[in-house]
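Undergrad: If you scroll down you'll find the structure; I have some questions about it.
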Amino acid sequence: MVVSRPPRRFVLAALSVATLLGGSPSSACAADIAFGEYLAGECVTCHQRSGKTNGIPSIVGWPRESFVAVLNSYRVKERDNVVMQTIAARLKEDEVEALAAYFESLGDQAAAK
Ligand code: HEC
């Protein structure tokens, strides 16, 4: 799916302002992405940061809402993969949001290569 977006730096600046003004807690900000990068250490033992598929699907560059929805579907066992069900069940909501923001942000780098 190709989504055209405004330049990320602009988006981040706009979202930071929105956050300062009491914007929605689901807005991605630099802190979310940094937290997501920290949490992603575990994920990238299987999923590739580069967005390549190595038998395990790429999770890079997904829109955040879809990423969150997929992890939730593992958590409630709608999606059938024991490894991902176990991982998703452990993650808190803010951790899922942070991971979504981080892996979405990697999509721009993968696309630029
Ligand atoms: C032990 C290896 C492993 C680890 C660690 C792991 N995953 Fe996965 N992940 C998989 C496999 C295998 C699948 C495909 C499962 C399936 O067929 O439903 C998957 C699927 C996914 C999907 C859905 C991909 C798609 O195309 O449908 C997402 C999103 C995801 N993982 C996110 C994560 C996140 C976030 C983490 C870290 C918190 C993580 N995974 C850690 C192995 C792993």
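Undergrad: Can you name every residue in the stretch 43-80 that is without any contact (Cβ under 8 Å) to a residue 24 or more places away in the chain and touching a helix residue (DSSP H, G or I) at 6+ places or on another chain (Cβ under 6 Å)?
TA: Residues satisfying the conditions are Tyr74, Arg75, Lys77, Arg79.
Undergrad: Can you tell me which residue in the stretch 7-51 is nearest to the chain's Cα centre (by Cα), limited to those that are modelled with pLDDT under 60 and within 30 Å of Gln85 (Cα to Cα)?
TA: Applying the filter and picking the extreme gives Ser26.
Matching residues to (1) touching a strand residue (DSSP E or B) at 6+ places or on another chain (Cβ under 7 Å); (2) more than 11 Å from the ligand (Cβ to nearest atom); (3) of a type outside the set (Phe, Trp, Tyr); (4) assigned to a loop (DSSP other than H, G, I, E, B):
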| residue | (1), (2), (3), (4) |
| --- | --- |
| Ala31 | no, yes, yes, no |
| Glu37 | no, yes, yes, no |
| Asn72 | no, no, yes, no |
| Arg79 | no, no, yes, yes |
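The values are calculated or read from the model by the stated rules, or taken from the named source; none is laboratory data. Quick caveat: nothing in here was measured; it's all calculated off a predicted structure. So basically every Cβ, Gly included, is an ideal-geometry build from the backbone, and we count neighbours across all protein chains shown.
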